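First up is the structure itself, then whatever we jot down about it.
Since every read-out is calculated from the coordinates, none of them should be taken as a lab result. What you see is a predicted model; the values in this text were computed from it and never measured. Every residue, glycine among them, receives a Cβ derived from its backbone with ideal geometry; neighbour counts consider all protein chains shown.
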Amino acid sequence: MACVKADGYGHGIVTVAQAVAGNVDAYAVACIEEALRLRDAGIAAPVLLLEGPHGSDEIDEAYARDLSLCISDPRHLDWLAAADPGRRPECWLKIDTGMHRLGIAPALAACCYARLRALLNGVPPVICTHFASADNPDPTATRAQLASFDAATSALAAPHSCANSAAIIAFPDSHRDWVRPGYMLYGGSPFADRSATDLSLRPAMAFSAEIISVREVAAGEGVGYGARWRAARPSRIATVAAGYGDGYPRHAGDGTPVRIGAVRSPLAGRVSMDMMTVDVTDNPAAVVGARAELWGSDPGVDEVAACAGTIGYELLAAMPARVPRLTIDASVGADRCSAPRPSVD
Ligand SMILES: *Cc1c(COP(=O)(O)O)cnc(C)c1O
């Protein structure tokens with residue numbers, strides 16, 4: 001099940017869904033608005049709403065558009081019970097094994113499972129949970145969540161789903177029947193201490209912008225708002241036409257790598273809304289009209305995120321609509337997947 005919430009982690013939900021169609025059995029989104037974008041684009045594969053229904057009205061709408069709901073609260077069962085028995089959508093059942101965000105308590109798993117199964121005319125729901133710390137090198141918390149899940153569900157006949165990207169990589173025994181990769185699909189590393197390259201993941205997104213001005217600044221001059229960066233020597237500064245209004249993080253520190261040609265040059269000065277400034281004194285490739293590679297294969301989005309005190313997930317998910325998207329190859333390369341791949345629809 002491909003997680004394509006948050007506009008396909010900023011890549012474009014429909015583009016991503018079409019690119020991986022044939023390699024996945026279903027899609028996961030956060031909410032009904034995202035699911036409807038898939039349906040309106042003609043995507044017919046199963047779609048699961050990870051947040052479940054936000055209100056009883058979404059039970060009917062989910063049924064009408066053939067969407068699956070993650071049932072995570074006894075109230076959801078009441079809403080289902082109130083719906084026409086012939087018009088109940090497919091459902092999963094989420095157990096809260098320690099994330100404490102969504103899901104029913106393990107002690108209620110058996111009774112909620114029985115009630116849900118009855119409401120679904122005997123069809124067993126997939127039972128799922130979500131890990132809080134699968135990216136932590138210390139496996140203790142995830143082991144405890146998995147043990148709680150197994151204890152609560154061992155007597156219930158149903159498929160299981162537990163693993164996000166980090167657990168897919170670090171906890172193979174959590175794979176069960178459905179895995180739910182998100183960030184790794186886009187080529188990012190879910191771990192702070194292991195790079196995407198270490199994990200043989202390749203980025204789906206390359207984010208670049210044009211250099212629109214290059215100037216010389218004298219030693220001692222400040223660059224950008226608040227003159228955060230000051231030239232320690234006579235310097236060449238390139239102005240790149242992307243800023244925080246384009247999804248580049250304003251909190252990126254001086255020195256954050258920006259690649260121009262083969263050379264990485266350091267960000268110099270605060271990122272502004274539409275532009276950023278880069279110290280290209282040692283980078284002869286930095287001329288007006290050249291492209292600055294902000295993230296992609298080098299530097300990786302995880303590295304840029306670390307320079308801004310955040311994670312690559314946030315940078316991808318915050319990619320704003322104003323950035324023009326160019327889809328270079330919307331198919332998943334045959335070398336990247338072992339399964340035979342039907343053509344993209
Ligand atoms: C977002 C999400 C995932 C995917 O997480 P990644 O870390 O991006 O792989 C899986 N399951 C649930 C419930 C989620 O909300």
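If you take the beta carbon distance between Asp177 and Asp298 as r and set R0 to 51 Å, what does 1/(1 + (r/R0)^6) give as a FRET efficiency, to the nearest 0.05?
Values: r = 37 Å, r/R0 = 0.73.
The value I calculate is 0.85.
On a full-extension model of 0.36 nm per residue, what is the gain between Ala151 and Val287, subtracting their alpha-carbon distance, rounded to one decimal in nm?
On the way: separation 136, 0.36 × 136 = 48.96 nm, distance 6.22 nm.
Between Ala151 and Val287, full extension yields an extra 42.7 nm.
Counting helices only, and only those DSSP H runs with n ≥ 4, report the 222 nm mean residue ellipticity of the chain as the sum of -39,500 (n - 2.57) divided by its residues, in deg cm²/dmol to the nearest 500.
-6500 deg cm²/dmol
Of Asp150, Asp246, Asp279, which has the largest mean-square fluctuation in a 10 Å C-alpha GNM of the chain?
Asp150
In the Gaussian network model of the chain, springs joining C-alpha atoms below 10 Å, which of Ala118, Ala206, Ala242 carries the largest mean-square fluctuation?
Largest GNM mean-square fluctuation: Ala118.
Say each of His251 and Asn121 gets a label point 7 Å from the Cα, pointing the same way as Cα to Cβ; how far apart are those two points in nm?
5.0
I'd like the trypsin sites (Lys or Arg not before Pro) in the stretch 78-160 restricted to DSSP loop residues with at most 15 other Cβ atoms within 10 Å, sorted by number. Provide the component values of the computation, followed by the final result.
Details: sites: Arg87, Lys94, Arg101, Arg115, Arg117, Arg143; in loops: Arg101.
Taking the stretch 78-160 and a limit of 15 other Cβ atoms within 10 Å, the loop trypsin sites (Lys or Arg not before Pro) found are Arg101.
Over the chain, with a Gaussian network built from C-alpha contacts below 10 Å, which listed residue (Asp66, Asp274, Asp138) shows the highest mean-square fluctuation?
So, out of Asp66, Asp274, Asp138, the one fluctuating most is Asp138.
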